[in-house]
1. Which order do M600, M325 fall in if you start with the one that has the fewest other Cβ atoms within 10 Å?
2. If I model a spin label as a point 7 Å beyond the Cα along the Cα-Cβ vector, how far apart are those points for M71 and A390 in nm?
3. Under the 0.36 nm per residue contour assumption, what length would be gained going from the current alpha-carbon distance of L33 and A500 to full extension?
4. How much FRET efficiency would the formula 1/(1 + (r/R0)^6) give for A410 and K52, where r is the Cβ-Cβ distance and R0 is 51 Å, rounded to 0.05?
5. Going by how many other Cβ atoms sit within 10 Å of their own, how do Y34, Y10, Y215 line up, fewest first?
6. Averaging over all projection directions, find the projected area of the Cα convex hull of the range 19-145 and quote it in nm² with one decimal place.
7. Give the long-range amide H neighbours of K509: residues separated by 5 or more places, or on another chain, with amide H under 5 Å away, using H modelled in the peptide plane at 1.01 Å from N.
8. Mind giving me the nanometre distance, one decimal, between the label points for N423 and D110, set 7 Å out from Cα along Cα→Cβ?
Amino acid sequence: MGIVIAMQIYAPPIGPGQTYSQGYWHAVLASILYMIGAVILMINMLGYFLGKYPQHFELDDHQRTLIIQTMLFFFWLAAGAGVFSKICGFTYADALYFCDVTVLTIGFGDFFPINDAGRGFLLPYTVIGIIFLGLMINSIRKFAATMSQDKVIKAHALHERARTLGRTVTNEKELRDRLGLPPRRESDARQPAAGRASTVGGATREQRLESMSQYGHFTVEGRTVTFHEHRSHGGGGRGGAGRSSQPKKALSRDEKIKARKNSGGSHAKRAHRRQKLLMLKEEKDRFDAMRDIQKNTHKFKQYYALAMSFLAFGILWCAGAVVFMLAEAREQSLTYFQALYFCYVSLLTIGYGDFSPKSNVGKPFFIVWSLLAVPTMTILISDMGDTVIAAMNRGAFSIADWTVMPREGAWHDFLVHHPSLRNWLERMHEKREEKKRLKRGFDIADPDMDIEGDTEAALAAKGRSLSTPNIPNLEQLANKDALTDHDLARKLALAIKRAAQDLHLHPPKRYCYEEWVEFTRLIRFSVHSKEEVEEEEEEEGIIEWDWIGENSPMLSEITESEWILDRLCESLNRYTRKQARLVITYLLFLSSRFNLLHSMPLDSRQPFR
């Protein structure tokens, strides 16, 4: 940097006959890149002194591969420039520009091999250079994905989990506490269920919500409960139940602002009470909530990568056009639109050749800019393949299912995903059947016909039932079959084999709730007491967990198959240790009885045997 600055101060070019060469501008760009690298290293050192980074660190495989492949690519680029400068008579700076344009497959046509030796060397050089370029772009994409996974995607998943956990309620008491309502009165708790099938605490959910209707009304959609507070109501207690009937003291404007700042104001409290709460009573509800978090995180990961690629593409495109417009102002007098057109053609590696860098500053900048912009464009196209192109393919397949290649069951799947349309069609069908019966007349029912059985069969044919069973929780499903430890050990071996086979699946296997129930039983059967659970978790791994807690298996950095395989192997280890202890205990028992037998008199041994 000092040499470059001194050149400008003490030995500047004398115009119009002199100008800076490409070598000088390469030195300027190198100085800028060195400065950026030095600043990053100083930031890293500051983070180490502040305790943000460990004293020793190791490069992972993606980082090591990226460094090696990048060095090989630049060595190949520099060596090729030296060969072409000797064979074709180019200057080294022009040969480096020619190699960059060739390996990136842009091909403006302003430089090309002028003899057979250059054309012959171009054949293997281009193939190997494009392979190095592809490997480097793939490593850059993996490195960026790893960084975003650790810094952004994981943080987003943890934020979504915390937000979901903050909205979760499991019973009426927690619901009243979160909404700021008074506790439930004893008279409400003693109300009979009045023929309700499923009650909690002597009242159904409808009755409990009705008992709280004096403070507001509820909107229930699936597991989401939304509370809309009344604007004014009497009564005492929290959330309006404890409001005094005495008139409030008038506050000045400054006191109102201060009170709103300290407490958030009544509007903030009311908005907080109206937030959508999640009623997660059963363990399966918590499992499904965590699956929803995973689904949202996957979508966020795809669109975050696409947005970052678009942002980098836009910056390189627009900022590069500004630099080329200024650099080529003397040689070509490019307008900003023409510079945008040139950058766009270069980014897509089209290279018509109507515009190409001709100035001494334009060619060195193009080398650095293209080595950043073209890989970014490639990564952008790859990210679009995961989101936009995948959506277009799904749309094309959906159109084909209804038109040129009709798929069996398309109507059924469409109606399953649109229940309102399905219900309307069912009502219309019932009305048409009713009109047909009225037109045909009523039939005389057979007294021997099993009406209840026919009704049950008819409802079953429509996918309904007279009684809706309650969904069992994890422990009830796990304890459904009374199996011995020996039977569970055999199942454990088969589960380990299955989990090991699932490791090779792509995309990674995600198990349903019933499969998790079976795996959970096999993980926990080898530990019986609470003390053993705590001891084993300190030594080996997690045995008890919460689906939306910090120790959830779905928040692990490894796949579900790897997580389950680790826990199953730990369970097998616990079982074998327990069996070994039983065998040792039994052998000690036999030894003590044998010693006792030999210590007895001869006449008393026979009855003891």
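Bear in mind that the values in this text are calculations on the coordinates, not laboratory data. What you are looking at is a predicted structure, and each value in this text was computed from that prediction instead of being measured. Glycine also receives a Cβ, built like all others from the backbone with ideal geometry; neighbour counts cover every protein chain displayed.
1. By the 10 Å Cβ count, ascending, the order reads M600, M325.
2. Calculated label separation equals 3.6 nm.
3. That pair, L33 and A500, stretches by 163.4 nm at full extension.
4. 0.40
5. Lowest to highest Cβ neighbour count: Y10, Y34, Y215.
6. That works out to 10.1 nm².
7. S561
8. In this crude spin-label approximation the distance works out to 6.8 nm.
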